[in-house]
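Worksheet: the structure to be examined is printed underneath.
The values are calculated or read from the model by the stated rules, or taken from the named source; none is laboratory data. What you see is a predicted model; the values in this text were computed from it and never measured. Cβ: placed from backbone, ideal geometry, glycine included. Neighbour counts: every protein chain shown.
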Amino acid sequence: MYDALTTRYTFACPARRETSVSLSAFREIDRLPGAVHPAVFCVRFACGCGEDHVGLVSHDELDWAPLALDEGAAFLNLMTARLQLLDSEFADLSIRRIQAGEWPWTFFCYPEERPRPVFPSFFRLLAPSTPDASIGLTVLCPACLRISINLVSREHVDVPFHNDAEIGVVEHVFASDTAQTLDQFRARLHSSGFDARRLLLE
């Protein structure tokens, strides 16, 4: 489902049979009730065919697969013309960066007024913004369990450990209700209510 080399997820598409999209192409991420190990998420994503589709993603695929921690996954090393295990390269790098205090994804929690580490499973809504192709990102804070909206680059979402030095933050405390937040999110996204914040983890 997830390819660590291309940083893309593969889903079914009614028009193309199969499509490959980046995390920034997701529009909504909702955890389904019931399953816990692993948890399952329903995602709505923007497909290359021009339509939005719905797919299912496991917790492991959403949060851990981008760090290339899947044992046995391999790639063809063009320098040596040999298959090489991803965990010998990417996983070791991910582990060392986390041990050094660097987190794969971060966001700015407005209610707490501080940057926080986060996993994609805490993303709730994503919306592209024009003209700079940035992403409006609604995040449920894992610490305070309140919602914040950040304006980030696509790389900030798609590429683990690529954290923007500065992001936009909506100065508003949102309700935890997803439907109400979605309406407020759309209104804020097209306003000038984003303030730049430094995203430096302490």
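Things to note:
- The lone exception for Val36 - which of (1) without any contact (Cβ under 8 Å) to a residue 40 or more places away in the chain; (2) more than 20 Å from Val159 (Cα to Cα); (3) surrounded by 12 or more Cβ atoms within 10 Å (Cβ to Cβ) it fails: (3)
- Looking only at residues of segment 112-150 that are touching a Phe, Trp or Tyr at 6+ places or on another chain (Cβ under 9 Å) and farther than 25 Å from Cys42 by Cβ, we find that the one that is surrounded by the fewest Cβ atoms within 10 Å (Cβ to Cβ) is Arg114.
- Any hit, segment 11-20, residues being crowded, with 17+ Cβ neighbours inside 10 Å, within 17 Å of Phe123 (Cα to Cα), among the β-branched types (Val, Ile, Thr) and outside the structural domain of Glu155 (by TED's automatic domain parsing): no
- Summed over segment 152-166, residues that are touching a residue at least 12 places away in the same chain (Cβ under 8 Å), over 16 Å from Arg27 (Cβ atoms) and not in a helix (DSSP H, G or I) total 8.
- Residue check: His53 meets all listed conditions (1) modelled with pLDDT under 95; (2) assigned to a strand (DSSP E or B) but one, namely (1).
- Residue check for Pro142: at pLDDT 90 or above and either in contact with a helix residue (DSSP H, G or I) (Cβ under 9 Å, 6 or more places away or on another chain) or farther than 24 Å from Tyr9 by Cβ (or both): yes
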